[in-house]
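The values are calculated or read from the model by the stated rules, or taken from the named source; none is laboratory data. Treat the numbers as computed from the prediction; the structure is a model and nothing was measured. We place every Cβ from the backbone using ideal geometry, glycine too, and count neighbours over all the protein chains shown. Accessible surface is based on the protein model in full, side chains and every heavy atom, while ligands, DNA and RNA are left aside. Shrake-Rupley method; radii C 1.70, N 1.55, O 1.52, S 1.80 Å.
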Amino acid sequence: MQAFIKKLSAERGIPLDWLEPGVAVARYSPLSEKYTTPRPNANKKTTAEKNFLLYERNLVNSERIRRGTDFLEDNRAVFDRVEAETGVSRYAVAAIIGVESIFGRNMGRFRVLDALMTLSFDYTRRSKYYLAELSDFLEFCWLQQIEPVAVSGSFAGAMGLGQFMPSSLKAYGKDGDGDGHIDIVGNEADGIASVANFLLVHGWARGERPLYRVSATPEIFKATGSGGIKTHTTAGALLKAGVKPLEALPLAENEPALLVDLPWIKASNEKGVDYYIGTSSFAAILRYNRSYFYAAAVSLLADELEREYGKNAPEAKPLKK
Ligand SMILES: [Ca+2]
(Lines give C-alpha, C1' and ligand atoms only; values in the text may rest on other atoms or scores of the structure.)
Protein backbone atom coordinates (compact mmCIF):
# COMPACT_ATOMS: atom_id res chain seq x y z
CA MET A 1 0.00 0.00 0.00
CA GLN A 2 2.87 2.37 0.80
CA ALA A 3 4.31 1.76 -2.66
CA PHE A 4 0.92 2.46 -4.24
CA ILE A 5 0.56 5.76 -2.36
CA LYS A 6 4.07 6.89 -3.32
CA LYS A 7 3.50 5.99 -6.98
CA LEU A 8 0.11 7.75 -7.08
CA SER A 9 1.60 10.85 -5.50
CA ALA A 10 4.40 10.98 -8.04
CA GLU A 11 2.26 10.16 -11.09
CA ARG A 12 -0.62 12.53 -10.41
CA GLY A 13 1.01 15.27 -8.40
CA ILE A 14 -0.96 14.63 -5.23
CA PRO A 15 1.05 15.67 -2.13
CA LEU A 16 2.09 12.74 0.06
CA ASP A 17 1.32 14.69 3.22
CA TRP A 18 -2.32 14.92 2.05
CA LEU A 19 -2.56 11.36 0.74
CA GLU A 20 -1.02 9.45 3.65
CA PRO A 21 -3.27 10.72 6.46
CA GLY A 22 -6.27 10.67 4.13
CA VAL A 23 -5.81 6.99 3.40
CA ALA A 24 -4.61 5.96 6.88
CA VAL A 25 -8.11 6.29 8.34
CA ALA A 26 -9.55 3.65 5.99
CA ARG A 27 -11.13 0.61 7.64
CA TYR A 28 -11.68 -2.85 6.26
CA SER A 29 -15.20 -3.12 4.83
CA PRO A 30 -16.39 -6.72 5.22
CA LEU A 31 -19.62 -6.10 3.31
CA SER A 32 -17.75 -4.72 0.30
CA GLU A 33 -15.89 -8.00 0.14
CA LYS A 34 -18.98 -10.09 0.76
CA TYR A 35 -21.22 -8.39 -1.81
CA THR A 36 -18.61 -8.49 -4.58
CA THR A 37 -17.76 -12.16 -4.05
CA PRO A 38 -19.45 -14.35 -6.67
CA ARG A 39 -21.80 -16.90 -5.15
CA PRO A 40 -21.19 -20.54 -6.04
CA ASN A 41 -24.25 -20.76 -8.29
CA ALA A 42 -23.89 -17.27 -9.77
CA ASN A 43 -23.58 -18.63 -13.30
CA LYS A 44 -27.18 -19.81 -13.18
CA LYS A 45 -29.17 -16.86 -14.40
CA THR A 46 -31.99 -15.83 -12.10
CA THR A 47 -35.52 -15.62 -13.43
CA ALA A 48 -35.43 -11.83 -13.47
CA GLU A 49 -32.41 -11.97 -15.77
CA LYS A 50 -34.25 -14.06 -18.33
CA ASN A 51 -37.71 -12.54 -17.97
CA PHE A 52 -38.05 -8.88 -18.86
CA LEU A 53 -41.52 -8.69 -17.32
CA LEU A 54 -40.09 -9.46 -13.87
CA TYR A 55 -37.10 -7.18 -14.38
CA GLU A 56 -39.31 -4.36 -15.57
CA ARG A 57 -41.79 -4.78 -12.71
CA ASN A 58 -39.03 -4.04 -10.20
CA LEU A 59 -37.95 -0.83 -11.90
CA VAL A 60 -40.90 0.59 -13.83
CA ASN A 61 -43.78 0.80 -11.36
CA SER A 62 -46.23 3.39 -10.08
CA GLU A 63 -44.13 4.10 -6.98
CA ARG A 64 -41.03 4.92 -9.02
CA ILE A 65 -43.03 6.92 -11.55
CA ARG A 66 -44.57 9.01 -8.76
CA ARG A 67 -41.19 9.65 -7.14
CA GLY A 68 -39.83 10.48 -10.59
CA THR A 69 -42.42 13.12 -11.35
CA ASP A 70 -41.69 14.70 -7.93
CA PHE A 71 -37.98 14.66 -8.72
CA LEU A 72 -38.55 16.28 -12.12
CA GLU A 73 -40.71 18.98 -10.55
CA ASP A 74 -38.31 19.64 -7.64
CA ASN A 75 -35.47 20.11 -10.11
CA ARG A 76 -37.38 21.72 -12.96
CA ALA A 77 -35.02 24.71 -13.37
CA VAL A 78 -31.94 22.46 -13.44
CA PHE A 79 -33.53 20.13 -16.00
CA ASP A 80 -34.59 23.12 -18.16
CA ARG A 81 -31.00 24.33 -18.26
CA VAL A 82 -29.31 20.95 -18.69
CA GLU A 83 -31.73 19.82 -21.40
CA ALA A 84 -31.25 23.08 -23.33
CA GLU A 85 -27.46 22.78 -23.08
CA THR A 86 -27.07 19.09 -23.90
CA GLY A 87 -30.19 18.07 -25.80
CA VAL A 88 -30.41 15.00 -23.57
CA SER A 89 -33.99 14.19 -22.57
CA ARG A 90 -34.73 15.06 -18.96
CA TYR A 91 -36.86 11.94 -18.78
CA ALA A 92 -33.94 9.68 -19.69
CA VAL A 93 -31.67 11.41 -17.16
CA ALA A 94 -34.36 11.14 -14.48
CA ALA A 95 -35.01 7.49 -15.38
CA ILE A 96 -31.33 6.58 -14.94
CA ILE A 97 -31.29 8.38 -11.60
CA GLY A 98 -34.49 6.56 -10.67
CA VAL A 99 -33.05 3.16 -11.50
CA GLU A 100 -29.62 3.85 -9.98
CA SER A 101 -30.55 5.52 -6.70
CA ILE A 102 -34.37 5.80 -6.53
CA PHE A 103 -33.95 9.55 -7.12
CA GLY A 104 -31.33 9.94 -4.41
CA ARG A 105 -33.02 7.87 -1.73
CA ASN A 106 -30.54 5.04 -2.11
CA MET A 107 -27.08 6.44 -2.88
CA GLY A 108 -25.28 4.12 -0.50
CA ARG A 109 -24.08 4.58 3.08
CA PHE A 110 -20.65 2.98 2.76
CA ARG A 111 -17.50 5.01 3.07
CA VAL A 112 -16.18 4.94 -0.50
CA LEU A 113 -12.61 5.06 0.79
CA ASP A 114 -13.15 1.91 2.87
CA ALA A 115 -14.88 0.10 0.01
CA LEU A 116 -12.21 0.87 -2.58
CA MET A 117 -9.30 0.23 -0.19
CA THR A 118 -10.79 -3.12 0.80
CA LEU A 119 -11.47 -4.17 -2.79
CA SER A 120 -8.00 -3.01 -3.88
CA PHE A 121 -5.88 -4.47 -1.11
CA ASP A 122 -7.80 -7.05 0.91
CA TYR A 123 -9.87 -8.59 -1.82
CA THR A 124 -7.80 -9.31 -4.85
CA ARG A 125 -10.17 -10.84 -7.41
CA ARG A 126 -10.53 -7.54 -9.28
CA SER A 127 -7.83 -5.60 -7.49
CA LYS A 128 -6.44 -4.08 -10.69
CA TYR A 129 -9.83 -2.57 -11.53
CA TYR A 130 -10.39 -1.29 -8.02
CA LEU A 131 -6.86 0.12 -7.70
CA ALA A 132 -7.54 2.20 -10.80
CA GLU A 133 -10.87 3.34 -9.32
CA LEU A 134 -9.17 4.11 -5.98
CA SER A 135 -6.54 6.17 -7.81
CA ASP A 136 -9.21 8.18 -9.64
CA PHE A 137 -11.16 8.59 -6.41
CA LEU A 138 -8.19 9.97 -4.49
CA GLU A 139 -7.24 12.25 -7.36
CA PHE A 140 -10.82 13.53 -7.57
CA CYS A 141 -10.90 14.21 -3.82
CA TRP A 142 -7.59 16.06 -4.02
CA LEU A 143 -8.70 18.22 -6.96
CA GLN A 144 -12.05 18.97 -5.31
CA GLN A 145 -10.42 19.39 -1.88
CA ILE A 146 -12.71 16.84 -0.23
CA GLU A 147 -11.68 14.52 2.58
CA PRO A 148 -11.76 11.01 1.05
CA VAL A 149 -13.23 9.54 4.23
CA ALA A 150 -16.21 11.92 4.04
CA VAL A 151 -17.58 10.53 0.76
CA SER A 152 -20.40 7.95 0.91
CA GLY A 153 -21.46 5.51 -1.77
CA SER A 154 -22.27 1.90 -2.55
CA PHE A 155 -20.38 -1.12 -1.24
CA ALA A 156 -18.40 -1.05 -4.50
CA GLY A 157 -17.67 2.67 -4.43
CA ALA A 158 -20.41 4.03 -6.72
CA MET A 159 -21.51 7.53 -5.80
CA GLY A 160 -24.42 9.90 -5.99
CA LEU A 161 -27.70 10.15 -7.90
CA GLY A 162 -26.23 8.37 -10.93
CA GLN A 163 -24.03 5.96 -8.95
CA PHE A 164 -20.87 6.94 -10.81
CA MET A 165 -17.71 4.98 -10.19
CA PRO A 166 -14.69 7.28 -9.71
CA SER A 167 -13.41 6.76 -13.28
CA SER A 168 -16.79 7.90 -14.66
CA LEU A 169 -16.85 10.79 -12.23
CA LYS A 170 -13.41 11.84 -13.42
CA ALA A 171 -14.35 11.53 -17.09
CA TYR A 172 -17.96 12.80 -17.10
CA GLY A 173 -18.55 14.63 -13.82
CA LYS A 174 -20.05 18.11 -14.29
CA ASP A 175 -20.55 21.13 -12.09
CA GLY A 176 -24.26 21.63 -12.65
CA ASP A 177 -24.88 24.62 -10.39
CA GLY A 178 -21.77 26.57 -11.35
CA ASP A 179 -20.25 26.87 -7.88
CA GLY A 180 -16.90 25.60 -9.14
CA HIS A 181 -17.12 22.21 -7.43
CA ILE A 182 -18.42 18.83 -8.47
CA ASP A 183 -20.39 17.55 -5.50
CA ILE A 184 -21.74 14.31 -6.86
CA VAL A 185 -23.31 13.16 -3.61
CA GLY A 186 -24.67 16.32 -2.01
CA ASN A 187 -25.74 18.48 -4.94
CA GLU A 188 -28.62 17.42 -7.19
CA ALA A 189 -27.72 19.84 -10.00
CA ASP A 190 -24.23 18.34 -10.20
CA GLY A 191 -25.66 14.81 -10.21
CA ILE A 192 -28.18 15.61 -12.94
CA ALA A 193 -25.66 17.45 -15.13
CA SER A 194 -23.18 14.59 -14.79
CA VAL A 195 -25.66 11.92 -15.93
CA ALA A 196 -26.73 14.10 -18.88
CA ASN A 197 -23.09 14.63 -19.81
CA PHE A 198 -22.44 10.89 -19.69
CA LEU A 199 -25.28 10.26 -22.17
CA LEU A 200 -24.21 13.16 -24.40
CA VAL A 201 -20.60 12.00 -24.61
CA HIS A 202 -21.77 8.47 -25.46
CA GLY A 203 -23.83 9.58 -28.40
CA TRP A 204 -27.25 10.73 -27.24
CA ALA A 205 -28.97 12.25 -30.27
CA ARG A 206 -31.03 15.38 -29.60
CA GLY A 207 -34.74 14.79 -29.89
CA GLU A 208 -34.37 11.07 -30.42
CA ARG A 209 -36.21 8.49 -28.41
CA PRO A 210 -34.16 5.45 -27.37
CA LEU A 211 -36.61 2.73 -28.42
CA TYR A 212 -39.27 2.08 -31.04
CA ARG A 213 -41.50 -0.96 -30.80
CA VAL A 214 -41.26 -3.32 -33.77
CA SER A 215 -42.05 -6.91 -34.66
CA ALA A 216 -39.22 -9.26 -35.59
CA THR A 217 -38.18 -12.89 -35.23
CA PRO A 218 -35.19 -14.75 -33.80
CA GLU A 219 -34.19 -15.45 -37.43
CA ILE A 220 -34.16 -11.76 -38.30
CA PHE A 221 -32.28 -11.04 -35.07
CA LYS A 222 -29.60 -13.54 -36.05
CA ALA A 223 -29.48 -12.65 -39.75
CA THR A 224 -28.89 -8.97 -38.95
CA GLY A 225 -25.94 -9.79 -36.67
CA SER A 226 -27.78 -8.32 -33.70
CA GLY A 227 -26.93 -8.75 -30.03
CA GLY A 228 -24.17 -6.22 -29.43
CA ILE A 229 -24.22 -2.87 -27.66
CA LYS A 230 -23.40 -0.66 -30.65
CA THR A 231 -25.58 0.76 -33.41
CA HIS A 232 -24.05 -1.64 -35.92
CA THR A 233 -26.71 -1.17 -38.61
CA THR A 234 -29.35 1.33 -39.74
CA ALA A 235 -33.10 1.65 -39.32
CA GLY A 236 -33.49 1.19 -43.10
CA ALA A 237 -31.44 -2.00 -43.16
CA LEU A 238 -33.49 -3.47 -40.30
CA LEU A 239 -36.75 -2.72 -42.13
CA LYS A 240 -35.30 -4.28 -45.29
CA ALA A 241 -34.45 -7.40 -43.26
CA GLY A 242 -38.11 -7.81 -42.30
CA VAL A 243 -38.46 -5.77 -39.11
CA LYS A 244 -41.91 -4.12 -39.01
CA PRO A 245 -42.77 -0.98 -37.01
CA LEU A 246 -45.55 -1.34 -34.43
CA GLU A 247 -45.72 2.40 -33.82
CA ALA A 248 -44.79 5.57 -35.72
CA LEU A 249 -41.10 5.29 -36.61
CA PRO A 250 -39.77 8.77 -37.36
CA LEU A 251 -36.24 7.59 -38.18
CA ALA A 252 -34.33 8.30 -41.38
CA GLU A 253 -33.29 5.23 -43.38
CA ASN A 254 -29.62 5.84 -42.59
CA GLU A 255 -30.26 6.41 -38.87
CA PRO A 256 -27.78 4.31 -36.84
CA ALA A 257 -29.69 1.55 -35.09
CA LEU A 258 -29.63 -1.83 -33.42
CA LEU A 259 -32.28 -4.49 -32.88
CA VAL A 260 -33.15 -5.16 -29.24
CA ASP A 261 -34.71 -8.40 -27.99
CA LEU A 262 -36.45 -8.65 -24.63
CA PRO A 263 -37.58 -12.20 -23.81
CA TRP A 264 -40.44 -12.58 -21.32
CA ILE A 265 -42.41 -15.31 -19.57
CA LYS A 266 -45.86 -14.68 -18.17
CA ALA A 267 -47.20 -16.27 -14.98
CA SER A 268 -49.29 -18.50 -17.25
CA ASN A 269 -45.98 -19.77 -18.68
CA GLU A 270 -46.68 -18.10 -22.03
CA LYS A 271 -43.36 -17.05 -23.52
CA GLY A 272 -42.41 -14.48 -26.08
CA VAL A 273 -39.92 -11.85 -27.14
CA ASP A 274 -40.54 -8.11 -27.53
CA TYR A 275 -38.44 -6.40 -30.17
CA TYR A 276 -37.46 -2.77 -30.47
CA ILE A 277 -35.30 -0.70 -32.76
CA GLY A 278 -32.75 0.98 -30.53
CA THR A 279 -31.24 4.32 -31.59
CA SER A 280 -27.94 6.03 -30.78
CA SER A 281 -29.66 7.30 -27.65
CA PHE A 282 -30.39 3.72 -26.60
CA ALA A 283 -26.75 2.81 -27.24
CA ALA A 284 -25.74 5.73 -24.98
CA ILE A 285 -27.82 4.24 -22.15
CA LEU A 286 -26.20 0.86 -22.83
CA ARG A 287 -22.83 2.41 -22.04
CA TYR A 288 -24.12 2.94 -18.52
CA ASN A 289 -24.81 -0.76 -18.17
CA ARG A 290 -24.32 -3.23 -21.02
CA SER A 291 -27.64 -4.94 -20.58
CA TYR A 292 -30.65 -4.69 -22.89
CA PHE A 293 -32.89 -5.25 -19.86
CA TYR A 294 -31.28 -2.35 -18.01
CA ALA A 295 -31.34 0.08 -20.92
CA ALA A 296 -34.88 -0.93 -21.93
CA ALA A 297 -36.16 -0.48 -18.36
CA VAL A 298 -34.55 2.98 -18.27
CA SER A 299 -36.08 3.83 -21.66
CA LEU A 300 -39.55 2.62 -20.70
CA LEU A 301 -39.38 4.42 -17.34
CA ALA A 302 -38.41 7.57 -19.27
CA ASP A 303 -41.47 7.11 -21.50
CA GLU A 304 -43.70 6.72 -18.44
CA LEU A 305 -42.22 9.80 -16.78
CA GLU A 306 -42.76 11.79 -19.95
CA ARG A 307 -46.35 10.61 -20.18
CA GLU A 308 -47.04 11.47 -16.54
CA TYR A 309 -45.12 14.70 -16.33
CA GLY A 310 -44.46 16.00 -19.81
CA LYS A 311 -46.30 18.98 -21.11
CA ASN A 312 -46.31 17.47 -24.57
CA ALA A 313 -46.87 13.93 -23.41
CA PRO A 314 -46.94 11.46 -26.30
CA GLU A 315 -50.08 9.48 -26.94
CA ALA A 316 -50.36 6.18 -25.14
CA LYS A 317 -48.24 3.57 -26.85
CA PRO A 318 -48.67 -0.19 -26.69
CA LEU A 319 -45.48 -0.73 -24.70
CA LYS A 320 -46.86 -2.97 -22.01
CA LYS A 321 -48.54 -6.32 -22.10
CA1 LIG B 1 -21.44 22.23 -8.11
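Quick test of your reading of the structure: residue 121 fulfils all but one of (1) at pLDDT below 95; (2) in contact with a Leu (Cβ under 7 Å, 6 or more places away or on another chain). Name the failing condition by number.
(2)
For the stretch 193-242, what are the residues that are modelled with pLDDT under 95 and open to solvent by 40 Å² or more (accessible area, probe 1.4 Å)?
Matches in the stretch 193-242: 206, 207, 209.
If the requirement is being surrounded by 16 or more Cβ atoms within 10 Å (Cβ to Cβ) and either under 20 Å from residue 51 (Cβ atoms) or at pLDDT below 95 (or both), which of these qualifies: 291, 268, 299, 280?
Result: 299 is the single residue among 291, 268, 299, 280 that is surrounded by 16 or more Cβ atoms within 10 Å (Cβ to Cβ) and either under 20 Å from residue 51 (Cβ atoms) or at pLDDT below 95 (or both).
Give me the pairs: first residue in the stretch 93-118 and in contact (Cβ under 8 Å) with a residue 12 or more places away in the chain and farther than 24 Å from residue 290 by Cβ, second residue among the aliphatic types (A, V, I, L, M) and open to solvent by less than 10 Å² (accessible area, probe 1.4 Å), beta-carbon distance under 6 Å, and six or more apart or on different chains, which are they?
If the second residue must be among the aliphatic types (A, V, I, L, M) and open to solvent by less than 10 Å² (accessible area, probe 1.4 Å), the pairs left are 104/161.
Considering only residues that are more than 9 Å from the ligand (Cβ to nearest atom) and part of a loop (DSSP other than H, G, I, E, B), which ones fall in the stretch 171-183?
Across the stretch 171-183, the qualifying residue is only 173.
For the stretch 72-142, which fully contained helices (runs of 4 or more DSSP H) count at least 2 residues that are β-branched (Val, Ile, Thr) and at negative phi?
It comes to 76-86, 90-101.
Quickly run through the stretch 115-131 and pick out the residues that are of a type in the set (Gly, Ala, Ser) and within 16 Å of residue 19 (Cβ to Cβ).
Within the stretch 115-131, 120 is the sole residue that qualifies.
Within the stretch 132-170, track down each residue that is within 14 Å of the ligand (Cβ to nearest atom) and surrounded by fewer than 20 Cβ atoms within 10 Å (Cβ to Cβ).
If the condition is that a residue be within 14 Å of the ligand (Cβ to nearest atom) and surrounded by fewer than 20 Cβ atoms within 10 Å (Cβ to Cβ), then 143, 144, 145, 146 are the ones that fit.
In the stretch 202-219, what count of residues is obtained for those that are touching a residue at least 40 places away in the same chain (Cβ under 8 Å) and either in a helix (DSSP H, G or I) or within 16 Å of the ligand (Cβ to nearest atom) (or both)?
Of the residues in the stretch 202-219, 1 are touching a residue at least 40 places away in the same chain (Cβ under 8 Å) and either in a helix (DSSP H, G or I) or within 16 Å of the ligand (Cβ to nearest atom) (or both).
Among the residues of the stretch 247-265, how many are closer than 21 Å to residue 55 by Cβ and either part of a loop (DSSP other than H, G, I, E, B) or open to solvent by less than 10 Å² (accessible area, probe 1.4 Å) (or both)?
Number satisfying all stated conditions: 4.
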